[in-house]
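Structure first, then comments.
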Amino acid sequence: MAKVNPFKSGLQQLNKAAELMELDPAVHERLQFPKREIHISIPVRMDDGSVKVFEGYRVQYDDSRGPYKGGIRFHPATDIHEVKALSFWMTFKCAVVGIPLGGGKGGIKVDPKKLSETELEKLARGFMRRLANDVGPEKDIPAPDVYTTPQIMAWMMDEYEQIHAKHAPGMITGKPLSIGGSEGRGYSTAQGGVYVTLELAKQLKLKKGATVAIQGYGNAGAYMAKILTKKGYKVIAVSDSRGGVVNEKGLDPVEIEKHKQETGSVSDFPGAKNITNEQILTTKCDILVPAALENVITKENAGKIKVRAIVELANGPTTPEADEKLFRKGIVVVPDILANAGGVTVSYFEQVQNSYNYYWTEKEVLQKLEPIMVSSFNSVWDTMDRYGCDMRTAAYIVAAKRIEEAMLARGIA
Ligand code: GLU
């Protein structure tokens, strides 16, 4: 099976929307390319005294609507194509929820599980030393992504502040609360996903106790399981990179999390049946939530998916060919750029609080997040009805209209 280039998938998704909405051709042309791609190398003195060089990237895709915004991923399989795709999706994500930010993304090719705490700190600081003049609260604002944490954001912010000899908490988001993080940011990706799921449930007339399968039990997946359970949904299957478990009677997400912390994986959870990471995608239930990496729902397995809807907490989990198949089968896909936008929305709130130097309660954060997610869902839903297209294309139409307006207002070339 040929590896799908996620950036090409992103462009295909945009092309569909561009045609339907008659996007300005100059804007469409501009959106085929990132504004800047930065490649860096980061030398780290390892604990054993040797020096290892890590490759890193920051792609600044588009800043027509505001400073570039997007996380930094630490993953052994990341590369420039993936980071470019992720920065492209960030551009549309910020636009679909209407926050005044553009799109960027960063990555380091590394398996962080193989580094000690001190090596990880050196790597994070080294990344920021290379990029200290390219990022900043008014330029480009990083955040966490796969395998990066509030602690890593703290090291990066500290390095940046030392280099520039001033405080600048708004240069990065997803920080610990003690140094300018926002209440609610830790679970905001999942919380935003829950708000859109509740809207979707109204449209699809899903009943209480609707069943859910979640692929990926990291930050987003685990919180999604916990919050949906509290809302009366039944999580029947979960998985992580090492395998998964299913129990039709429902799983306790808190117990699963404890089990994962103790054993390193959700598999072998007492009272549940082990399944593979591939099997979870074809579990019969109401809602499937991919919450890990790209390209997991493909033309090979899309035909076997037996759910009413897919809520994409991961970025880019569905390939364009799979999208076509799912659309023909009548499976609703709530696209990543909408479904997981709660994370970046609370990152935006974090930045707003940093620039005020005045902080909100958790309740205030949620009171501001909910209406953004609900109204964004509904405008995408209405656009889908108006154009008779799938939800992803509708989300691109909503987003691209806003980007088009900003680009044309500034002047295109
Ligand atoms: N990494 C998250 C995402 O993919 C959050 C980005 C941010 O907060 O800037 O949306």
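Dipole size of region 1-99 about its Cα centre, with +1 on Lys/Arg Cβ and -1 on Asp/Glu Cβ: approximately 140 debye, rounded to the nearest 20.
Direction-averaged shadow area of the convex hull around the Cα atoms of the chain, nm²?
Numbers: hull surface 78.5 nm².
Convex hull of Cα atoms, orientation-averaged projection: 19.6 nm².
In the chain, helices alone account for a calculated mean residue ellipticity at 222 nm of -14500 deg cm²/dmol, with every DSSP H run of four or more residues adding -39,500 (n - 2.57). A straight chain from residue 113 to residue 35 at 0.36 nm per residue would run longer than the Cα-Cα distance by 24.8 nm.
Among 283, 173, 263, which one shows the highest mean-square fluctuation when the chain is modelled as a Gaussian network with alpha-carbon springs under 10 Å? The residue that fluctuates most here is 263.
Rounded to the nearest 0.05, what FRET efficiency is calculated for residue 202 and residue 363 with R0 set to 25 Å and r the Cβ-Cβ distance? Don't skip to the end; give the middle numbers.
On the way: r = 24 Å, r/R0 = 0.94.
The pair residue 202/residue 363 has a calculated efficiency of 0.60.
Note on residue 50/residue 179: beta-carbon distance plugged into 1/(1 + (r/R0)^6) with R0 of 30 Å gives a FRET efficiency of 0.40. Expressed as a whole percent, the accessible surface of region 234-322 that belongs to carbon and sulfur atoms is 49, based on a 1.4 Å probe.
Over the chain, give the accessible area per residue in Å² for a 1.4 Å probe, as an integer. Write out the running numbers ahead of the final one.
Details: 17090 Å² over 413 residues.
Accessible area per residue: 41 Å².
Using +1 at the Cβ of each Lys and Arg and -1 at the Cβ of each Asp and Glu in region 1-146, identify which of 60, 123, 141 lies farthest towards the dipole's positive end. So the residue we want is 123.
Exposure check, 1.4 Å probe, all protein chains in place: residue 308 carries approximately 100 Å² of accessible surface.
Contact order for region 15-86, expressed relative to its length and based on alpha carbon pairs under 8 Å spaced 6+ residues apart, stands at 26 percent.
Across all directions, the average flat footprint of the convex hull enclosing the Cα atoms of region 9-130 is 8.2 nm².
Between residue 164 and residue 262, the contour length at 0.36 nm per residue exceeds the alpha carbon distance by 31.2 nm. The heavy atoms of residue 389 present about 20 square angstrom of accessible area, all protein chains included, probe 1.4 Å.
Between 205, 139, 69, the GNM of the chain built on Cα springs shorter than 10 angstrom shows 205 fluctuating the most.
Which of rounded, prolate, oblate describes region 304-413, given a ≥ b ≥ c as roots of the alpha-carbon gyration tensor eigenvalues and a/c under 1.5 marking rounded, otherwise prolate only if a/b is larger than b/c? Oblate, since a/c reaches 1.5 and b/c is not below a/b. Between 47, 62, 323, where does the largest GNM mean-square fluctuation fall for the chain, given springs only between Cα atoms within less than 10 Å? Highest fluctuation among the options: 47.
Of 93, 166, which has the most accessible area with a 1.4 Å probe, and how do the rest follow in descending order? Write out the running numbers ahead of the final one.
Numbers: 93 10, 166 115 Å².
In descending accessible area the options line up as 166, 93.
Using heavy atoms of the protein chains and a probe of 1.4 Å, the accessible area assigned to residue 9 is about 10 Å².
Taking a straight line from the alpha carbon of residue 84, these lysines sit under 18 Å away, with near neighbours fewer than eight places off in the same chain left out: 3, 8, 35, 69, 93, 105, 109, 139.
The values are calculated or read from the model by the stated rules, or taken from the named source; none is laboratory data. Everything numeric here is computed off the predicted structure, so don't read it as measured data. So basically every Cβ, Gly included, is an ideal-geometry build from the backbone, and we count neighbours across all protein chains shown. Each accessible area value is taken on the protein alone, full model and side chains, heavy atoms only, with ligands, DNA and RNA left out. Shrake-Rupley method; radii C 1.70, N 1.55, O 1.52, S 1.80 Å.
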